[in-house]
Amino acid sequence: MSSAMATRLSDLFGNSRIISGLLVNLLSSICIVFINKWIYVHYGFPNMTLTLIHFLVTWLGLFMCQKMDIFSPKSLRPSKIILLALSFCGFVVFTNLSLQCNTIGTYQLAKVMTTPVIIVIQTMYYRKTFSTKIKLTLVPITLGVILNSYYDVKFNLLGMIFATLGVFVTSLYQVWVGAKQHELQVNSMQLLYYQAPMSSAFLLVLVPFFEPLTGDGGIFGPWSFQALVMVLLSGVIAFLVNLSIYWIIGNTSPVTYNMFGHFKFCITLLGGYVLFQDPLSLNQGLGILCTLSGILAYTHFKLAEQEEGKSRLTQRP
C-alpha cells in the first residue's frame, strides 16, 4: 500500500462523521443487493415496477431533504436532462435484471466492467487520455470477469446480455452525469432531484407494456404483507444508497469512494455465497482474485497520479 493511500485511510478513520457516512453506505449498499435478490427469488416481484418504486421513494426522500434545507433545488430545462433520465432508467432496470438472472458473484463482477467501458468512452468520444499503467490494469479486471462468467455453473445467457447492457448504459450514465454537472453547474443531489421524477414518468408509461398490472406477478396482484414490506424497505434503502454516495463523494472524493467500494465488493461476494448458496469453482475464485488485483492496482495508480498532480500545482511559482 502506498504512503498516500495509507495517509488518506488514517485521515478517514480519524473523522467520526465520515465513518458514519461510510457505515451507512456500506450497510445500505450491501442490503439493497441482498434484499432485491430476496424479492426476486422468494416473491417474484416484477423488476421494472420495483425500479419505479425505487425512483418514487428516492424523489420523495429528496423532496423531504429539500424541505429540510439539506440542499437547494435548481431549475433545469427538461430537454437538457431527458437523455440522462432515460439512461438512469436503463442502468437501474438492466442491472436489476442482471441481479435477477445471475448469481450475485457474476452480477458483482460484471459491474466492475463499468470502469474499463468508461475509459473507452472517454478516450473515444471525449478525447481524454489515460496513462499506460491505468490502461494495463484493465487487463486483469477484464480477464477476471471473463474467467468468472465462463466457469459460473449457473451461467445464464440472458443474464449475461442484461449484465452487458447494464454495464454499457451505466457507463454512459456516469460519463453523462459528470458532463451535465459541469455543463449545468449543479451538484449530484440537484441533478437527481430532477432526474428521479422524469425517470419515474418514463417507467410509468413503459411498465404496462412489459409487466402485468393485475393478477399473479402484477403490481396490483395478491401480494402478501411481507412482500409489500420488503418492497417498501428496498425503496427506502435505495434512497439511502443514493444519498450516502453523494455525501461521501462530496465530503471526501470519488477515489475514496472507489477505494471503499472494493471492501463492499468483497463482502457482497461473500454474502452471495453464504446467503444464496451460490456455487463457487476454483476457476471462478481465480477470476475474482484476478479482478480484485486489477481494481486495487487501478485505485493505487489513480491515487498516485492525483497526488503527483497536486504536488506539481503546489510547486509552481
Seminar exercise, completed: Order by accessible surface, 1.4 Å probe, largest leading, for residues His54, His182, His42, His300 comes to His182, His42, His300, His54
For this session: Of the listed pairs Lys128/Lys264; Lys80/Lys180; Lys37/Lys111; Lys135/Lys264; Lys67/Lys180; Lys180/Lys302, which have alpha-carbon separations greater than 18 Å here?
Result: Lys128/Lys264; Lys135/Lys264; Lys67/Lys180; Lys180/Lys302
For this session: At 1.4 Å probe size, with no ligands or nucleic acids counted, give the accessible surface of Glu308 in Å², nearest ten.
Result: 90
Exercise. Largest first, what is the accessible-area ranking of Ser281, Ser28, Ser75 with a 1.4 Å probe?
Worked result: Ser75, Ser281, Ser28
Problem set entry | Overall Cα dimensions of the stretch 40-306, principal axis frame, Å, largest first | 48, 45, 30
Exercise. For Thr132, what accessible area in Å² do you get when you roll a 1.4 Å probe over the heavy atoms of the protein chains, rounding to the nearest 10?
Worked result: 100
Exercise. Would you list Ile245, Ile119 from the most to the least accessible area, probe 1.4 Å?
Worked result: Ile245, Ile119
For this session: Note down the magnitude of the dipole of the stretch 40-306 about its Cα centre, charges +1 on Lys and Arg C-beta and -1 on Asp and Glu C-beta and zero elsewhere, to the nearest 20 debye.
Result: 740
For this session: Kindly report, to the nearest 10 Å², the accessible surface of Val205 as traced by a 1.4 Å probe over protein heavy atoms only.
Result: 90
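The values are calculated or read from the model by the stated rules, or taken from the named source; none is laboratory data. What you are looking at is a predicted structure, and each value in this text was computed from that prediction instead of being measured. Note that each Cβ is placed from the backbone with ideal geometry, even for glycine, and that neighbours are counted across all protein chains shown. Just the protein is used for accessible areas: all its heavy atoms, side chains included, with ligands, DNA and RNA removed. Shrake-Rupley method; radii C 1.70, N 1.55, O 1.52, S 1.80 Å.
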